[in-house]
1. Which one of the conditions (1) open to solvent by 70 Å² or more (accessible area, probe 1.4 Å); (2) at pLDDT 80 or above; (3) in contact with a Leu (Cβ under 9 Å, 6 or more places away or on another chain) does GLU215 fail to meet, given that it meets all the rest?
2. Check whether at least one residue in the range 149-156 is more than 23 Å from VAL34 (Cα to Cα), among the small types (Gly, Ala, Ser) and open to solvent by less than 30 Å² (accessible area, probe 1.4 Å), and report yes or no.
3. Which one is nearest to the chain's Cα centre (by Cα) among residues in the range 95-128 that are of a type in the set (D, E, K, R) and part of a loop (DSSP other than H, G, I, E, B)?
4. Only one of MET52, MET100 is under 18 Å from VAL198 (Cβ atoms) and surrounded by 20 or more Cβ atoms within 10 Å (Cβ to Cβ). Can you tell me which?
5. Quick check on this structure: which one of ILE20, ILE57 is crowded, with 20+ Cβ neighbours inside 10 Å and touching a helix residue (DSSP H, G or I) at 6+ places or on another chain (Cβ under 6 Å)?
6. Of the conditions (1) among the aromatic types (Phe, Trp, Tyr); (2) in contact with a Ser or Thr (Cβ under 9 Å, 6 or more places away or on another chain); (3) buried (at least 18 other Cβ atoms within 10 Å of the Cβ), TYR73 satisfies every one except a single condition; which number is it?
7. Going by what's in this entry, would TYR92 be described as out of contact with any His (no Cβ under 6 Å at 6 or more places or on another chain), part of a loop (DSSP other than H, G, I, E, B), farther than 22 Å from LEU136 by Cα and open to solvent by 20 Å² or more (accessible area, probe 1.4 Å)?
8. Tell me which of these ASP185 doesn't satisfy, since it passes every other one: (1) over 14 Å from the mean Cα position of the chain (by Cα); (2) open to solvent by less than 40 Å² (accessible area, probe 1.4 Å).
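The values are calculated or read from the model by the stated rules, or taken from the named source; none is laboratory data. Given the structure is predicted, the values throughout are model-derived calculations rather than measurements. Here the Cβ positions follow ideal geometry from the backbone for every residue, glycine too, while neighbour counts run over all protein chains shown. Quick note on the areas: whole protein, heavy atoms, side chains included, nothing else; ligands and nucleic acids left out. Shrake-Rupley method; radii C 1.70, N 1.55, O 1.52, S 1.80 Å.
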Amino acid sequence: MMTGEVKDFLYRQGVDLVGIAAIDEIPSYHPPRVVEDVLPGARSVVVIGRRMLRGSIESPSPRVSTAHSNSHYRQLERDCYDAGCFLERMNYQAATLPLMLPIEMSRERKGMSGDLSLKHLAVAAGLGKIGRSGLLLTKEFGPRVRLAAIVTTAELVPDHEMTDESPCEDCCACVKACPVQAIHDSGKVDVFKCLTHVQPYGLANFNIWLAKQMENPQGAQAALGDPNWWNYYQALALGMYYNCFRCINACPAWDGPGSC
């Protein structure tokens, strides 16, 4: 009964996908993470997904696609908070995962991995399978979905990994579409190469730009009038992330119509 109530609550909130992952059925990944490090006594993870607007992520304006991505995460954060309140009203504990920021900025992680891998949680929850692009592919929306998760002490009835054929057609459209060749035929993804492109005003590129300005201290004043600095400032203020969606847009996995 409790599992059905949680799912029904989230679907009424407008969430497109909901699955339950048992913490002992999450596929292994690197670097390994432990669910109990997020919430001691955790028994289940509720994984949710919302579809992305195709018109937004295919827009030629990077501001439109980036704003959609950021607003998408804010919506998912609200979904997780509401679901967490729902669970805690029933006397269970719930912890929501950071979806974008903050992220561990240690020398070991370098901001490259979250507290838990959302796509691996989604695999365990039966929402899809990981394709050649390294993204989760769902039967309903292909890769055009953003994920979120709530870790809880409630022992919910788990869903299980998809046993039917993967939505990935192994067509290599994502490999051909990647502008920086971060996706290899072998199925491996160069995450750092992808990140520095997908976040043009992220930390890695900001450090490179800043180092160049420091080489010529006399030019520091002129740098304040550089549009690059204005964009870095905007990114720092707004958390501007992910404005490349070429691998997603190129993927032929099903992305037909559906209600938002």
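1. (3)
2. Taking every residue of the range 149-156 in turn, none turns out to be more than 23 Å from VAL34 (Cα to Cα), among the small types (Gly, Ala, Ser) and open to solvent by less than 30 Å² (accessible area, probe 1.4 Å).
3. Filtering the range 95-128 for residues of a type in the set (D, E, K, R) gives 104, 107-110, 115, 119.
So of that shortlist, the ones also part of a loop (DSSP other than H, G, I, E, B) come out as 104, 107-110, 115.
Details: GLU104: 15, ARG107: 22, GLU108: 20, ARG109: 17, LYS110: 17, ASP115: 12 Å.
Checked the range 95-128; the qualifying residue nearest to the chain's Cα centre (by Cα) is ASP115.
4. Numbers: MET100 fails: surrounded by 20 or more Cβ atoms within 10 Å (Cβ to Cβ).
Answer to the check: MET52.
5. Values: ILE20 fails: touching a helix residue (DSSP H, G or I) at 6+ places or on another chain (Cβ under 6 Å).
The unique qualifying residue is ILE57.
6. Status for TYR73: all satisfied but (2).
7. Values: out of contact with any His (no Cβ under 6 Å at 6 or more places or on another chain): yes; part of a loop (DSSP other than H, G, I, E, B): yes; farther than 22 Å from LEU136 by Cα: yes; open to solvent by 20 Å² or more (accessible area, probe 1.4 Å): yes.
Against the criterion (out of contact with any His (no Cβ under 6 Å at 6 or more places or on another chain), part of a loop (DSSP other than H, G, I, E, B), farther than 22 Å from LEU136 by Cα and open to solvent by 20 Å² or more (accessible area, probe 1.4 Å)), TYR92 qualifies.
8. Answer for ASP185: the failing condition is (2).
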